[in-house]
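Worksheet: the structure to be examined is printed underneath.
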There are 2 protein chains.
Amino acid sequence: MNAIEVFCPGSVANISCGFDILGLCLDSIGDTMRVKKVSKKGITIKSISGYNLSLKTNENAAGVSALALLNQYKNIDYGFEIEIIKKIKPGSGIGSSAASASGSVFAINELLGKPFSKKELVKFALEGEYICSKSYHADNISPLIFGGITLVRDHKELDIVNLPTPSELYVTIIHPQIEIKTSDSRSIIDRNIHISKMIEQSANLGAFISSLYEENYELLKRSIKDVIIEPYRSELIPEFKNLKKIALKNNALGFGISGSGPSMFSLCKGIKNANTVIKNMEYQLDKMDINYKSHISKINKEGLKIL
Amino acid sequence: MNAIEVFCPGSVANISCGFDILGLCLDSIGDTMRVKKVSKKGITIKSISGYNLSLKTNENAAGVSALALLNQYKNIDYGFEIEIIKKIKPGSGIGSSAASASGSVFAINELLGKPFSKKELVKFALEGEYICSKSYHADNISPLIFGGITLVRDHKELDIVNLPTPSELYVTIIHPQIEIKTSDSRSIIDRNIHISKMIEQSANLGAFISSLYEENYELLKRSIKDVIIEPYRSELIPEFKNLKKIALKNNALGFGISGSGPSMFSLCKGIKNANTVIKNMEYQLDKMDINYKSHISKINKEGLKIL
């Protein structure tokens with residue numbers, strides 16, 4: 001195999017109760033990446049369509065992670081050329097940089113005959129993620145590489161736990177077309193947390209994980225809560241409170257900020273509920289004259305895939 | 001049925017990564033309680049052997065919780081008489097008050113033909129627990145009433161999640177014969193937690209819960225950690241650090257403070273490991289001339305039981 005085309009999905013990090021820990025992989029939103037072996041050694045980013053991103057290998061998430069991989073696989077006399085059809089807007093909160101960072105290492109690993117483990121791919125992808133977010137967080141990358149819903153037990157050891165995906169779960173995404181600087185969304189958080197809030201949040205996280213194993217949608221609904229981060233970050237997102245009310249009123253199991261926003265997600269049981277939820281949120285944003293993009297997706301158990 | 005004898009087991013709250021949330025029920029340590037219908041209305045505590053506790057109904061955990069139950073079940077023209085053979089020392093950290101508070105309501109509910117749900121029994125037992133600990137915490141009571149390992153998602157709503165019990169799990173308990181005031185063990189904790197510690201602790205809690213469902217002892221071992229409470233409370237417990245080292249060196253999966261101490265627990269895979277761990281810890285305490293009681297127990301999936 002000399003060339004490959006891969007789907008690089010979007011993802012929802014945090015999932016309300018698992019700040020910096022949980023992530024899930026989307027299915028209907030993602031970039032396409034084409035990677036081929038070329039005689040020129042190293043990594044060349046040939047083109048990026050969709051959004052205006054640097055073609056310089058060492059300034060691009062896909063390039064930097066690919067370089068990290070090649071650094072561990074030196075004895076080849078050829079290189080790789082990457083074309084990216086970018087569909088996930090950078091800064092949207094649904095893992096745009098993770099899609100690029102993971103896509104290139106996944107594709108190259110396939111072309112090399114899979115010499116690297118999933119955990120090693122996460123390690124390489126983190127280098128690309130770091131270029132964009134300035135922090136080594138694997139909560140968006142892990143669900144792309146492992147598929148489904150993941151928990152990062154330890155960001156340094158890259159101890160990643162693959163959680164089960166309840167079969168009727170659908171995700172809605174609303175992406176208001178505004179920009180929030182990651183630095184703003186990080187600085188707005190209070191870094192000191194009262195122990196009572198910690199207990200509340202972790203009890204919900206624990207119950208959420210149990211609900212995934214039990215396919216207990218009622219418990220899942222009671223658990224998807226964020227009492228730590230959402231009160232701060234939601235202030236930066238227009239219509240957050242109204243959309244949350246609308247989503248929950250229309251049977252969403254939970255509603256929250258996707259990653260550091262501005263995208264918002266909801267989890268719904270069944271496609272019918274997801275459709276109702278998204279329609280009602282769209283109606284509200286139309287009324288308020290706010291531009292947005294919206295999506296409905298199943299949870300993608302496979303993660304990155306060959307097209 | 002006019003009289004009943006029940007086993008009121010000890011319990012381990014917190015289980016390192018689940019402060020105020022997790023609890024597990026012990027099997028080989030517990031009180032015995034005899035409850036019988038008597039013509040005298042209300043609740044009479046006839047006798048308590050083992051430890052010197054108040055026989056006044058409204059000063060005793062078993063009495064107070066029983067009164068809370070009777071308050072919801074008024075149309076009977078008889079009462080109940082309680083005898084307690086107390087084996088769990090009050091203030092030991094293995095749920096002495098929870099055993100009394102839960103035992104009486106469990107027994108009376110049986111004698112009445114089970115009019116109350118498990119959740120209602122927890123609610124009544126909490127009133128008894130409150131008399132001793134001055135707080136409404138169900139982390140010791142829940143595993144007694146539901147059995148096995150439990151997570152209290154919400155202390156107010158009493159949303160209790162029953163978690164699975166890996167079949168090869170054994171618990172060791174070391175109870176050094178010292179007293180720690182609950183007020184001391186509560187006041188020593190820093191109530192403001194840095195977000196990075198919170199993330200670390202909840203990631204471990206999440207992974208621990210996954211490990212129970214997966215029967216993944218290696219993941220369980222990596223997850224039983226307490227970076228929030230243990231650093232403070234362990235200072236109050238003699239030989240804590242040495243015993244922890246000894247336990248982990250001898251293949252314990254985890255080691256920590258049981259509840260607010262001074263008892264310490266370890267989780268081990270298989271009885272053989274549990275025996276080795278406890279023998280080595282006993283050797284250390286003997287060497288240091290510290291009095292203790294020690295136990296090995298399976299996790300009790302049934303909880304409170306009729307003898």
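A:LEU205 - would you say it is in contact with a Pro (Cβ under 8 Å, 6 or more places away or on another chain), in a helix (DSSP H, G or I) and under 19 Å from A:CYS17 (Cβ atoms)? Give the steps one after another, and end with the answer.
On the way: in contact with a Pro (Cβ under 8 Å, 6 or more places away or on another chain): no; in a helix (DSSP H, G or I): yes; under 19 Å from A:CYS17 (Cβ atoms): yes.
No.
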Name the residues in segment B:194-219 that are surrounded by fewer than 22 Cβ atoms within 10 Å (Cβ to Cβ) and either touching a residue at least 24 places away in the same chain (Cβ under 8 Å) or within 25 Å of B:SER92 (Cα to Cα) (or both), would you? B:LYS197, B:GLU200, B:TYR213, B:GLU215, B:TYR217
Does B:SER28 fit the bill of being assigned by TED's automatic domain parsing to the domain that holds B:ASN140 and over 15 Å from the mean Cα position of the chain (by Cα)? no
Extreme residue, surrounded by the fewest Cβ atoms within 10 Å (Cβ to Cβ), among residues of segment B:12-24 that are part of a strand (DSSP E or B) and touching an Asp or Glu at 6+ places or on another chain (Cβ under 8 Å): B:LEU22
Matching residues in segment A:246-278 (surrounded by 15 or more Cβ atoms within 10 Å (Cβ to Cβ) and farther than 20 Å from A:LYS89 by Cα) number 17
As an exercise: evaluate B:LEU205 against (1) in contact with a helix residue (DSSP H, G or I) (Cβ under 6 Å, 6 or more places away or on another chain); (2) under 30 Å from B:MET288 (Cβ atoms); (3) assigned by TED's automatic domain parsing to the domain that holds B:LYS272 and give the number of the one condition it does not meet. (2)
Just need a number here: residues in segment A:178-200 that are within 7 Å of chain B (Cβ to nearest Cβ) and of a type in the set (S, T, N, Q). 1
Within segment B:27-44, how many residues turn out to be of a type in the set (Val, Ile, Thr) and either more than 19 Å from B:ILE306 (Cβ to Cβ) or without any contact (Cβ under 8 Å) to a residue 60 or more places away in the chain (or both)? 3
Of the residues A:GLY91, A:GLY42, which is touching an Asp or Glu at 6+ places or on another chain (Cβ under 6 Å) and either assigned by TED's automatic domain parsing to the domain that holds A:SER185 or open to solvent by 20 Å² or more (accessible area, probe 1.4 Å) (or both)? A:GLY91
Report the residue count in segment B:279-292 for those that are in contact with a strand residue (DSSP E or B) (Cβ under 8 Å, 6 or more places away or on another chain) and open to solvent by 30 Å² or more (accessible area, probe 1.4 Å). 4
Test B:ARG153 against the stated conditions and say whether it is at pLDDT 95 or above, surrounded by 23 or more Cβ atoms within 10 Å (Cβ to Cβ) and either away from chain A (no Cβ under 13 Å) or in contact with an Asp or Glu (Cβ under 8 Å, 6 or more places away or on another chain) (or both). yes
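The values are calculated or read from the model by the stated rules, or taken from the named source; none is laboratory data. The structure presented is a predicted model; accordingly, all values stated were derived computationally and were not measured. Cβ: placed from backbone, ideal geometry, glycine included. Neighbour counts: every protein chain shown. These accessible areas exclude ligands, DNA and RNA; they are computed on the full protein's heavy atoms, side chains included. Shrake-Rupley method; radii C 1.70, N 1.55, O 1.52, S 1.80 Å.
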